[in-house]
1. At a 1.4 Å probe radius, carbon and sulfur cover how many percent of the accessible area of the chain?
2. Leaving out ligands and nucleic acids, and using a 1.4 Å probe, what accessible area per residue does the chain come to in Å²?
3. Counting Lys and Arg as +1 and Asp and Glu as -1, what is the net charge of the other residues whose Cβ lies under 14 Å from the Cβ of V11?
4. Provide the net charge surrounding S122, with neighbours chosen by a C-beta distance below 13 Å and charges set as Lys +1, Arg +1, Asp -1, Glu -1.
5. Taking amide H positions as placed 1.01 Å from N in the peptide plane, with prolines and chain starts having none, which residues 5 or more places from S101, or on another chain, fall under 5 Å of its amide H?
6. Kindly identify the chain as rounded, prolate or oblate by the Cα gyration tensor criterion: order the square roots of the eigenvalues as a ≥ b ≥ c, call it rounded if a/c is under 1.5, otherwise compare a/b with b/c, prolate if a/b is larger, else oblate.
7. So what are the ³J(HN,Hα) numbers for segment 7-22, from phi and the Karplus equation (6.51, -1.76, 1.60; θ = phi - 60°), rounded to whole Hz, Gly and Pro as x?
8. If each DSSP helix of 4+ residues adds -39,500 (n - 2.57) and the sum is divided by the residues in the chain, what number results at 222 nm, nearest 500 deg cm²/dmol?
Amino acid sequence: VQLQASGGGLVQPGGSLRLSCAASRRTFSNNAVGWFRQGPGKEREFVAAISWRGSSTNYADSVKGRFTISRDNAKNTVWLQMNSLKPEDTARYYCAASRLSIPNAERETYAYWGQGTLVTVSS
């Protein structure tokens, strides 16, 4: 079971990035997928999640209106489109597959984690 996150990098404030999370078919089968992030000296926190059908989403208040999560089960891929980025969005971003089918924010419900991709927002 593997999850591979990619798409991170250095971007200026106000810029955009699109993160991708690719996984084995088995990992994605009937699972919600979420993105979490961990900034320097901070706890890992929930960012966004999407149900296994893609019909329901959940966002942290700090990213609502700026980030959009989407998925294509045929491609076994989940994306996180990040717009209007702020310096406080700087973190390593992790994708994870939940044990549940609903887009929940609780870390404990996520069984499989990728290695993360680093996003740095700085001028």
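1. 45 percent
2. Numbers: 6330 Å² over 123 residues.
In whole numbers, the chain has 51 Å² accessible per residue.
3. Taking every Cβ under 14 Å from that of V11, the sum is +1.
4. -1
5. So S101 has HN proximity to A32.
6. It is prolate, given that a/c is not under 1.5 and a/b is the larger ratio.
7. Karplus values, whole Hz, x for Gly and Pro: x, x, x, 9, 9, 7, x, x, x, 10, 9, 10, 8, 10, 10, 9.
8. -500 deg cm²/dmol
The values are calculated or read from the model by the stated rules, or taken from the named source; none is laboratory data. If you're wondering where the values come from, they're calculated on a predicted model, not measured in any experiment. When we count neighbours, we look across all protein chains shown, and the Cβ atoms used for this are built from the backbone with ideal geometry, even at glycine. Each accessible area value is taken on the protein alone, full model and side chains, heavy atoms only, with ligands, DNA and RNA left out. Shrake-Rupley method; radii C 1.70, N 1.55, O 1.52, S 1.80 Å.
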